[in-house]
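Student: Here's a structure for you.
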Amino acid sequence: MTTATLLHAQLEAMRPQLVRFAQLQLRNAALAEDAVQDALLAVLEKPDRFNGQSSLRTYVTGILKYKIIDNLRLSTRERQLEPADDQHEDELVDALFVADGHTRDRPRQWGEPDGVLEQKDFFRVLEVCLEKLPRKTARIFMLREWLELETEEICKELAITPANAWVLLYRARLRLRECLDLNWFGNLPAQPGT
């Protein structure tokens, strides 16, 4: 098997996860496919730019990240309507707190962060946790934490206020912490009153 054929096979194996990631951000299947296609073509056209300092997946995802950002900046004129899900989300967030406003349980020991982040399965669980979030909440989290957009850009893209953006980010972080605590770190939630 030639190097080019091997590279092509590796990229094809990554494609479904890259498309899911792009769809989460762009909320449009055709735009997501285009962004992924552009990222994969960039790698295939200049394979010598990949020097192995990171994994191929990290390299391709980095390229895709910039394709998504470019796409988001170009599509600011088009808005997609999203169903309001704030009431349901508020109820879920409220369940994390006791009457005096403190959290029901403190974060548990998660071990060595660098070692955990290196594990491929962690990102699969994180992806599942993100999919469980309301669409707007997951999207704002990924725009801020993964694509590293500034709050001003996020607010413009989502047509929300900075205060609303920070509330959504706070909720996303709480829910992701709880989901990862249960599904990755294997900690059972503390029972009220224990």
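Student: Considering only the other residues whose Cβ falls under 9 Å of the Cβ of R73, what net charge follows from Lys and Arg at +1 and Asp and Glu at -1?
Tutor: -3
Student: Additional query: Can you give me the long-range amide H partners of L133? Hydrogens built in the peptide plane at 1.01 Å from N, cutoff under 5 Å, separation of 5 or more residues or another chain.
Tutor: Amide H to amide H, under 5 Å and 5 or more residues apart or across chains, L133 pairs with nothing.
Student: Once the stretch 3-74 is represented by equal point scatterers at the alpha-carbon sites, with solvent omitted, what log10 I(q)/I(0) does the Debye formula produce at q = 0.14, 0.15, 0.17 Å⁻¹?
Tutor: -0.39, -0.45, -0.57
Student: Where a Cα-Cα gap under 22 Å defines reach, which lysines qualify for K156, not counting those fewer than 8 residues away within the same chain?
Tutor: K65, K67, K136
Student: Right, here's the next one. Tally Lys and Arg at +1 and Asp and Glu at -1 over the other residues with C-beta under 9 Å from the C-beta of L143: what net charge comes out?
Tutor: -2
Read-outs: derived from the displayed coordinates by stated rules, not from any lab. Because the structure is a prediction, the values reported are computed rather than measured. Virtual Cβ from ideal backbone geometry, glycine too; neighbours counted across all protein chains shown.
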